[in-house]
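The values are calculated or read from the model by the stated rules, or taken from the named source; none is laboratory data. What you see is a predicted model; the values in this text were computed from it and never measured. Positions of Cβ are backbone-derived with ideal geometry, glycine not excepted, and every protein chain shown enters the neighbour counts. Just so you know, the surface numbers come from the protein's heavy atoms only, side chains and all, with ligands and any DNA or RNA stripped out. Shrake-Rupley method; radii C 1.70, N 1.55, O 1.52, S 1.80 Å.
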Amino acid sequence: MNLETLTAAANSNQWLAIMPELMLGCIALLLLVLEVVLPKSKHDLIPGVAILGQVGVLVGLILNYSTPYLDPSMRDTFNGLLAHTSQGQFMRVFFLLTSILVCALGSVALAKQRMPRIEFFHIVLVVSAAMMLLAQSNHFVMLFVALETVTVGFYILVSYVRTNPLSLEAGLKYLIMGALSSSLLLFGIVMLYGAAGNPLLPGHAETDAMNFDQIANFLAQNPDNFLAQLGVVLVLAGVAFKIGAVPFQIWVPDVYQGAPTPVTAFLAVGSKAAGFAVLITLVQVFAAYKGILVPLLSLMAAATIIFGNLAALTQHNVKRLIGLSGVSHAGYLLIGVIAILFVPNAAASIYFYLVTYLLASFAVFGVMTHVAGVNDADQELEHYTNLAKEDPFLGGVLAVGLGSLAGIPPLAGFIGKLLVFIPAFQAGLYWLLGIAIVGVVISIYYYFGWIKAAFFSAWPVPTIENESETRPARTPVTFGLGTVLGLLALASVLFGFYQQPVIAWLTAAL
Amino acid sequence: MSDTYFYIFAAITVASALAVVFKRNTVGASLAFLLSLCGVAGLFLQLDAQLLAVLLVLVYAGAVVALFLFIIMLLNMQGGDRPVFKKMTIVSSTIAGALLLTGVYLLAKRPELARLPEAGQPASVLLDLKIYGAKLFTTYLLPVQVVGFLLLIAMLGVIVLSKKFEGLEDVK
């Protein structure tokens, strides 16, 4: 180890390139310091600090959107661990937005629970920073460390409401499933490393057998390496756990139900988007193994759409319902991922879909957070009876959110689905599209069942004696939450009508 | 000769891993886990991964299993009655297990495995602890920092999930 190598390594560590992540980490630490320094009466300010700080980071990130690091000559920093791409830049903004919305919902939901609050915001901030690094990682070591930080954060967040047995059960299930998926992913990485690092094979990695560029180069020169095939399949299996695709969806309903509602929203939007960001990167790295990727992902997408929609049909708990419907959304997105292998620019449609999914999901989760009572896991469809009559605003936001998730024109969700299906059509994935359309039709049934519960009065269920009213009391929505929900619903409607400039920008930029 | 060692270590690993699952006494199970880790360390030694073998014994066998034992003894769990499996569970898990075994068997029988090229020495062997440490502080500096945050949130998580918060006024 001489001076030159040390200097080269130090010069490659461009900390300025990951300024947003660093600032999130600093805000997270600041929250802990504030908890110690501030008197107890001022602790209500801390969630505000978390949200305002993130809004500041978001504004800074958008102002510096086209950083010099996006230039191909400066793209690789941290010795090739990170690669700054326009896709990564877009996902950074996406994750920051998710994190701000989760913190906003968290400050509403945690006030109803007897639980500590500062730690929640701290963990959400660190997890978001890790997701942002994940979307930019270009090396399996960085990918795994960032992914584990996200996963460990979620273990805690899922079981956060310790007093609720369902939350603890969800945490335990997520822990076991998460550990299993991490081990599959690691085993796959080891196989790829072993194959790509073998100096006897043509095109082996010269310096770093875990760097994505070098692995892609190796795979292109060895199109039928058995060890690498195993590695590719196992890595995909590990990522499939994160996005909740069949056959790795088994944890979804229980974990979504038990987790506090803001965490469910974080899992549904943030964790899934992180999985897809990784998947889009990896599919491009593994492009040489199209022969196994396409049938594998197609089967997975078809099974995911069918299972998610059929299982959601019979749910009465809205958190389980939205979890299983999220499974089917992962299926639609998987079709888009397959299309990337055939059609250039197909990734842009996935990113647009993710944005519409974020807007619609947070609108629905915001209403859920507000309507939920003290027992967060107990949110039945019956609790939404007459919601639209008593609070037309909440009812309207719920209808827009669910309509967008179902893909009803002219809402944003419809355009998102259309954009994902067009490249799939160009790629000739006709039978998958057929299944997807059947899935969309089925999904309308359960989404509208929920809307019906909120808008049309049902026959009152005769109450049995000694059984008190289970429905949590309704309170008017606060100004802050109302503004956020209104903006989300408005954006869902606007993107349905004026999506053209956004799509043009996404296609050009990504 | 090295084949004999491989089979000995592999047998130790698999047999004690099975014992972890089947032993009813939790202390015995964690001791079997210790033995299994030692078997894996032996396998690592055969692969010229001395550092990994030493770390496995030091960290897992030395510290983690000791922690397991502490917790088992602190909690003093009495093994309650096990629920009897439903017929459906037994049938489906047998089918799943058979499928898994068939998969592994077919995989091991693949002709590609026999034709795998001999692995040469990698360009840079991380045998030396010094090289390994230098890598952590140069190439892999960022992941090390991220792991620092990982440990921080893990610690906070333990506090949130285990501390009694009744006495705090800031919890409404």
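Loop-located chymotrypsin sites (Phe, Trp or Tyr not before Pro) in segment A:335-372 (DSSP state not H, G, I, E or B) with no more than 15 neighbouring Cβ atoms inside 10 Å: A:PHE342. Remark: the Cα gyration tensor places the protein assembly as shown in the rounded category, a/c being less than 1.5.
Using just its DSSP H runs of length 4 or more, each adding -39500 (n - 2.57), chain A gives a mean residue ellipticity at 222 nm of -24000 deg cm²/dmol after division by all residues. Entry note: segment A:253-370 has Rg to Rh equal to 1.00, where both radii use alpha-carbon atoms and Rh is the Kirkwood radius. Is the shape of segment A:387-457 best called rounded, prolate or oblate, per the rule: a/c under 1.5 gives rounded, else a/b larger than b/c gives prolate, else oblate, with a ≥ b ≥ c the square roots of the Cα gyration tensor eigenvalues? Oblate, because a/c is 1.5 or more while a/b does not exceed b/c.
Computed over all pairs of different Cα atoms, the Kirkwood value for the hydrodynamic radius of segment A:312-414 is 14.8 Å.
For a quick check of your reading of the filter: which GluC sites (Glu not before Pro) in segment A:1-50 sit in a DSSP loop and have no more than 11 other Cβ atoms within 10 Å? Could you put the intermediate results ahead of the total?
On the way: sites: A:GLU4, A:GLU21, A:GLU35; in loops: none.
Sparse-neighbourhood loop GluC sites (Glu not before Pro): none present.
For segment A:7-76, rounded, prolate or oblate, judged on the Cα gyration tensor with a ≥ b ≥ c (square roots of eigenvalues), a/c < 1.5 rounded, else prolate if a/b > b/c? Here segment A:7-76 falls in the oblate category.
Taking the solvent-accessible surface of protein heavy atoms with a 1.4 Å probe, what is the per residue accessible area of chain A in Å²? Present the calculation step by step, with values, prior to reporting the outcome.
Details: 19050 Å² over 510 residues.
It amounts to 37 Å² per residue over chain A.
Just to be sure I understand: if you take the accessible area of chain A alone plus chain B alone and subtract the pair, with a 1.4 Å probe, what total do you get in Å², rounded to 100?
On the way: alone 20880 and 14610 Å², together 31700 Å².
That pair hides around 3800 Å² of surface in total.
Tilt of helix A:392-406 relative to the longest C-alpha principal axis of chain A, in degrees (0 to 90, nearest 10)? The angle comes out near 40 degrees. For chain A, the relative contact order is 13 percent, taking Cα pairs closer than 8 Å that sit 6 or more residues apart in sequence and dividing their mean separation by the residue count. Size descriptors for segment A:1-158, from the alpha-carbon set: Rg then Dmax equal 17.1, 58 Å. When +1 charges are put on Lys and Arg Cβ atoms and -1 charges on Asp and Glu Cβ atoms, the dipole computed for segment A:161-291 relative to its Cα centre reaches about 380 debye.
Roll a 1.4 angstrom probe over the protein heavy atoms and tell me the percent of accessible area of the protein assembly as shown that is carbon or sulfur. Kindly include the intermediate steps, with their values, before the conclusion.
On the way: 22700 of 31700 Å².
Its accessible area is 72 percent carbon and sulfur atoms.
Of A:ASP391, B:ASP81, the order by accessible heavy-atom surface (1.4 Å probe, DNA, RNA and ligands excluded), from most exposed downward, is B:ASP81, A:ASP391.
Placing a label point 7 Å from the Cα of B:ILE71 along the Cα-to-Cβ direction, the residues of segment A:164-196 with a backbone N closer than 17 Å are A:168-180.
Potential lengthening of the chain between B:VAL54 and B:LEU161 amounts to 35.2 nm, from the contour at 0.36 nm per residue minus the alpha-carbon distance.
If R0 is 41 Å, what FRET efficiency do you get for A:ASN2 and A:VAL190 from their C-beta distance, rounded to 0.05?
Efficiency, from the Cβ-Cβ distance: 0.85.
If you filter segment B:62-107 for chymotrypsin sites (Phe, Trp or Tyr not before Pro), then keep DSSP loop positions with at most 16 other Cβ within 10 Å, what is left? Passing both the DSSP loop test and the Cβ count: B:PHE85.
Take segment A:354-510, drop everything but the C-alpha atoms, weight them equally and run the Debye formula without solvent; then report log10 I(q)/I(0) at 0.19 Å⁻¹ to two decimals. Each listed q corresponds, in turn, to -1.18.
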